[in-house]
Amino acid sequence: MSQTGYSPVTEQLAEPESAREEGRRKMEWALQHMPILEALREEFRAEKPLEGERVAMAMHVEAKTANLVELLADGGAEVAITGCNPLSTHDDVSAALDAHEKITSYAVRGVGDEEYYEAIEATIGHDPTITVDDGGDLVFAIHEDYPELIDTIVGGCEETTTGVHRLRSMAEDGALEYPVFAVNDTPMKRLFDNVHGTGESSLATIAMTTNLSFAGKDVVVAGFGYCGKGVAKKAAGQNADVIVAEVDSRKALEAHMEGYDVMPMAEAAEVGDVFITTTGNRDVIVEEHFRKMQDGVLLANAGHFDVEIDLEALDDLAVDRYEAREGVEAYELEDGRRLNVLAEGRLVNLAAPIALGHPVEVMDQSFGVQAVCVRELAGHGDDYEPRVHDVPDELDREIAEIKLEAEGVEFDSLSAEQEEYLSSWQHGT
């Protein structure tokens, strides 16, 4: 039980019983399409690899995540979870989790900053031995405010690009005091979740929120990392003209060689119809860009935090601000132009009112990696020193093989002679 006074979600809802039923229904639908977690569930229930562990989590609390949370509980862990974004929680799913005897959920949708951090402190109040984070807020809070817990934490997992960047910065400064797996950086995450998941879910959410088409529009993608590549690829697939804005010369060249127009944001601002940020950095779209934009543009963020679009500057420029439709805030400028911001500039594929996040099949892979990394920490945490670690390759391959088996896909393996050839330096021309 948490040592803080912050209440679990069940105590904050007017009708928790009906919420639990609806949340459970969503979870069961998702689980039908998550063969990796289903396979791991059998193993975790039988072997209880997490017996005695206390797992604190800060994640996007919706149906797919909930199946990971229950998997960890089925593996023997006591789990406390809260949201990593105030607008991505589904209260009904949170309530369904809170009904589990080994899970306490503090996630509530739409809380303010103060309650958001109180909920994180509540999960920390369970004295975790393992952390699972999406964005780094949980790990940072432990190091900043609860350093006495670090000696009993065997390690953690980080889900997303922004969080990994923060943790690597902590490690470089000598401030990270327990090992953390960079789940975001492993192939089974980056090649599928970041590319296909972000691309599909961001564009789908924008289309459903606005009821507008991408065909024939100029879509400006800020950043050409894995997430930006996915957004650009999917937008082009919907017959948009894609423009990429980049700060890295090699990524800009890569986007150019992929056939996209590449230009500075200051130029793209004049021609774009839809702007989607995917950088994980701040001040990507700022006042000078707002002044050049056309009437009716859409502004969306597919990065992590709500700092990529400078909404304070936009608010200062606006003479009026109103809800154009649910999930769309129109900022009217002095000359009559309206710039439309989706989901308050937060992660659009999770924070928009109708958002559902990444497709189920994609998150099955990412959460499978999370699960086996938690299992690795529980069994071999002492083998890892305090820093950011790559996910062991055999764990990543384990998840790929479970997925291929579920899909009925067979693949080749190396012969002994091939393995010897690849590992030897003695074979010449």
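Between rounded, prolate and oblate, where does the range 299-429 land on the alpha carbon gyration tensor, with a ≥ b ≥ c its root eigenvalues, rounded for a/c under 1.5, else prolate if a/b exceeds b/c?
Numbers: a/c = 2.72, a/b = 2.69, b/c = 1.01.
Because a/c hits 1.5 or more and a/b exceeds b/c, the range 299-429 counts as prolate.
With all protein chains present, calculate the accessible area of residue 169 using a 1.4 Å probe and round the result to the nearest 10 Å².
60 Å²
Counting only chymotrypsin sites (Phe, Trp or Tyr not before Pro) that are in a DSSP loop and have at most 12 other C-beta atoms within 10 Å, tell me the longest site-free stretch of the chain. Don't skip to the answer; put the middle values down first.
Numbers: sites that count: 411, 425.
Longest stretch, sites excluded: 1-410.
Cα gyration tensor of the range 292-362, axes a ≥ b ≥ c as square roots of the eigenvalues: rounded (a/c below 1.5), prolate (a/b > b/c) or oblate?
Since a/c reaches 1.5 and a/b is larger than b/c, the shape of the range 292-362 is classed as prolate.
Calculate, in nm to one decimal, what residue 415 and residue 248 gain on full extension: separation in residues at 0.36 nm each, minus their alpha carbon distance.
Working: separation 167, 0.36 × 167 = 60.12 nm, distance 4.07 nm.
Value of the extension gain: 56.1 nm.
Any chance you could count the Lys pairs in the chain whose alpha carbons are under 20 Å apart, treating pairs 8 or more apart or on different chains as valid?
For the chain, qualifying lysine pairs total 18.
For the range 1-156, calculate the relative contact order in percent as a whole number, restricting contacts to Cα pairs under 8 Å that are 6 or more residues apart.
It comes to 29 percent, rounded to a whole number.
Residue 258 to residue 323: extension gain in nm, 0.36 nm per residue of separation minus the Cα-Cα distance?
Going from the current span to full extension adds 19.7 nm.
Roughly speaking, what is the stretch gain from residue 312 to residue 211, that is 0.36 nm per residue apart minus the C-alpha to C-alpha distance, in nm to one decimal? Write out the running numbers ahead of the final one.
On the way: separation 101, 0.36 × 101 = 36.36 nm, distance 2.66 nm.
That works out to 33.7 nm of additional length.
I'd like to know how the range 190-308 sits against the 2.2 N^0.38 Å rule of thumb: what's its Cα Rg over that expected value?
The range 190-308 yields a ratio of 0.94.
Using label points projected 7 Å from each Cα along Cα→Cβ, tell me how many nm separate residue 426 and residue 191, to one decimal.
Label at residue 426, label at residue 191, 3.2 nm between them.
For a quick check, take a GNM of the chain with Cα springs below 10 Å and name the residue from 154, 111, 55 with the largest mean-square fluctuation.
Greatest mean-square fluctuation among the candidates belongs to 111.
Let me check I've understood the local charge: for residue 48, count other residues with C-beta under 13 angstrom from its C-beta, Lys and Arg +1, Asp and Glu -1. What total comes out?
-3
Average projected area of the Cα convex hull of the chain, in nm²?
23.7 nm²
Using a 1.4 angstrom probe with every protein chain in place, what is the largest-first accessible-area order of 27, 263?
From most exposed to least exposed: 263, 27.
For the range 1-155, what is the charge dipole size about the Cα centre, in debye to the nearest 20, if Lys and Arg each add +1 at the Cβ and Asp and Glu each add -1 at the Cβ?
Magnitude of the dipole: close to 520 debye.
What does the helix-only formula give at 222 nm for the chain: each DSSP H stretch with n ≥ 4 adding -39500 (n - 2.57), the total divided by the residues, and the result rounded to the nearest 500 deg cm²/dmol?
One gets -12500 deg cm²/dmol as the mean residue ellipticity at 222 nm.
Measure out, as a whole number of angstrom, how far apart the alpha-carbon centroids of the range 198-221 and the range 380-429 sit.
37 Å
If you place +1 on the Cβ of every Lys and Arg and -1 on the Cβ of every Asp and Glu, how big does the dipole about the Cα centre of the chain come out, in debye to the nearest 20?
960 debye
Quick check: Cα centre of the range 323-343 to Cα centre of the range 21-36, how many Å?
Measuring centre to centre over Cα atoms gives 36 Å.
Could you pull the accessible area for residue 25 with a 1.4 Å probe, rounded to 10 Å²?
150 Å²
Which FRET efficiency value, to the nearest 0.05, is calculated for residue 42 and residue 238 with the Förster distance at 35 angstrom and r the Cβ-Cβ distance?
For R0 = 35 Å, the calculated efficiency reads 0.35.
Only bridges with both residues in the chain count here: give the DSSP antiparallel percent, nearest 5.
20 percent
For the range 5-47, state the average projected area of the convex hull of the C-alpha atoms over all orientations, rounded to one decimal in nm².
It is 4.7 nm².
If you take the alpha carbon radius of gyration of the range 51-93 and divide it by 2.2 N^0.38 Å, what ratio comes out, to two decimals?
Numbers: Rg = 10.4 Å, N = 43, 2.2 N^0.38 = 9.2 Å.
Relative to the 2.2 N^0.38 Å estimate, the range 51-93 comes out at 1.14.
If you scale each eigenvalue of the Cα gyration tensor by 5 and take the root, what three semi-axes come out for the range 127-175, rounded to whole angstrom and sorted largest first?
17, 13, 9
Would the range 48-177 count as rounded, prolate or oblate if I go by the C-alpha gyration tensor, calling it rounded below 1.5 in a/c and otherwise prolate when a/b exceeds b/c, oblate otherwise?
Cα axes put the range 48-177 in the oblate bin.
The values are calculated or read from the model by the stated rules, or taken from the named source; none is laboratory data. Fair warning: this is a prediction, and the values are worked out from it, not measured in the lab. So basically every Cβ, Gly included, is an ideal-geometry build from the backbone, and we count neighbours across all protein chains shown. Note: accessible area is taken over every heavy atom of the protein model, side chains too, but ligands, DNA and RNA are not part of it. Shrake-Rupley method; radii C 1.70, N 1.55, O 1.52, S 1.80 Å.
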